[in-house]
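Here's the structure we're looking at; comments come further down.
The values are calculated or read from the model by the stated rules, or taken from the named source; none is laboratory data. Computed from a predicted model, the values in this text were never measured in an experiment. Positions of Cβ are generated from backbone atoms using ideal geometry, with glycine treated the same way; all protein chains shown enter the neighbour counts. Ligands, DNA and RNA are stripped out before the accessible areas are found, and what is left, the full protein with its side chains, is counted by its heavy atoms. Shrake-Rupley method; radii C 1.70, N 1.55, O 1.52, S 1.80 Å.
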Amino acid sequence: MLLLLLLTNAFVLLPWAGAGRIVGGREVMPHSRPYMAYLDIKSGPYSYSCGGFLIRPDTVLSAAHCVAMKWAVRVTVILGAHNISAQEQSQQKIPVGQWVIHPEYSSAGTKNDIVLLKLKQRAMINKNVQCISIAKENERVEEGAECSVSGWGRISTRCDMTSDVLREVEMKVQNEEICEQVFHNYHCQSMICVGVENRNKGTYKGDSGGPLVCNKKAHGIVSYGPQGNVFPEVFTRISHFEPWIHKQLRRFALQDTPGSKSSD
Ligand SMILES: *[C@@H]1O[C@H](CO)[C@@H](O)[C@H](O)[C@H]1NC(C)=O
């Protein structure tokens, strides 16, 4: 309860409200989305959570707005979770050592909303914790594609709507014009317009930073949505950022080579 109230305050500082709203979501089979990461974030007086996803044993991808705060931010990643409130054997809690926010991230208009989080230790890969492939530069997801998005949906304005367990909803990639009409900052190269039209039953809010998965690959990152409405939503378009992501991964790998290990 306290967390939710604090959270509401934190949102005021952000350009988005209700990002990652999950419509008609349902609980997933436990551990059927082994790439999902729960981000436990502390920033100044605030505690909140985001979603993310494992792309390398030591790297999680998420939304920049989750960590781009005024105060110092501390992030712990929880992998292998289903019920985030339970003490599950499958869970691996790993602190984040450093992260790289996209240099052109801008909270105004939520542009380039992407961050790479480098874990302090590599995750142990097993049946509950696995990486997901990301879309390549030339793999642009098109209108009509059927995708899904999952999250713990802890972010809610109504306490009775929170969920401890991982939920998922199917979503369809929409015509860019729909988002262009609603969001004047919509940029079709770097964003994906997604939503489920005319379906209001069972509205939940998922965590920002979670993946939009189409055909078993991560194509988008939950970024922002309209205030007081459930349609449409904007996701960060991963294919556009793929060259940048790989550059950062090479940089991370370089830091790990013997002789140049950093102190964290
Ligand atoms: C999650 O775990 C907590 C703590 O064990 C429990 O109280 C809660 O009922 C669980 N939630 C679900 C949906 O199973």
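The table for this structure:
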item	result
Region 70-155: trypsin sites (Lys or Arg not before Pro) in DSSP coil with no more than 11 other Cβ atoms inside 10 Å	70, 127
Distance (nanometres) between label positions extended 7 Å along Cα→Cβ at residue 139 and residue 107	3.3 nm
Under 5 Å, built H, 5+ apart or other chain: amide partners of residue 220	212, 238
Once the Cα gyration tensor of region 53-103 is diagonalised, semi-axes √(5λ) in Å	23, 13, 9
Residue-wise HN-Hα coupling along region 69-76, computed from phi with Karplus coefficients 6.51, -1.76, 1.60 (Hz; x: Gly, Pro)	10, 5, 8, 4, 10, 10, 10, 10
Whole-Hz ³J(HN,Hα) from phi, Karplus 6.51 cos²θ - 1.76 cosθ + 1.60, for region 132-149, glycine and proline x	10, 6, 10, 4, 7, 3, 8, 10, 7, 6, 10, 3, x, 4, 9, 10, 9, 9
Under the Karplus curve 6.51 cos²θ - 1.76 cosθ + 1.60, θ = phi - 60°, whole-Hz ³J(HN,Hα) for region 104-116, x wherever Gly or Pro sits	9, 4, 9, 5, 6, x, 6, 8, 6, 7, 8, 9, 9
Subset of 42/118; 42/216; 93/217 violating a 22 Å alpha-carbon distance limit	42/216; 93/217
Of all accessible heavy-atom area on region 34-111, the percent that carbon and sulfur account for (1.4 Å)	48 percent
Mean shadow area of region 99-151 over all directions, Cα convex hull, nm²	6.2 nm²
Where only C-alpha atoms are counted, convex hull volume of region 36-145 per residue in Å³	137 Å³
Solvent-accessible heavy-atom area per residue, rounded to whole Å², over region 13-148 at 1.4 Å	43 Å²
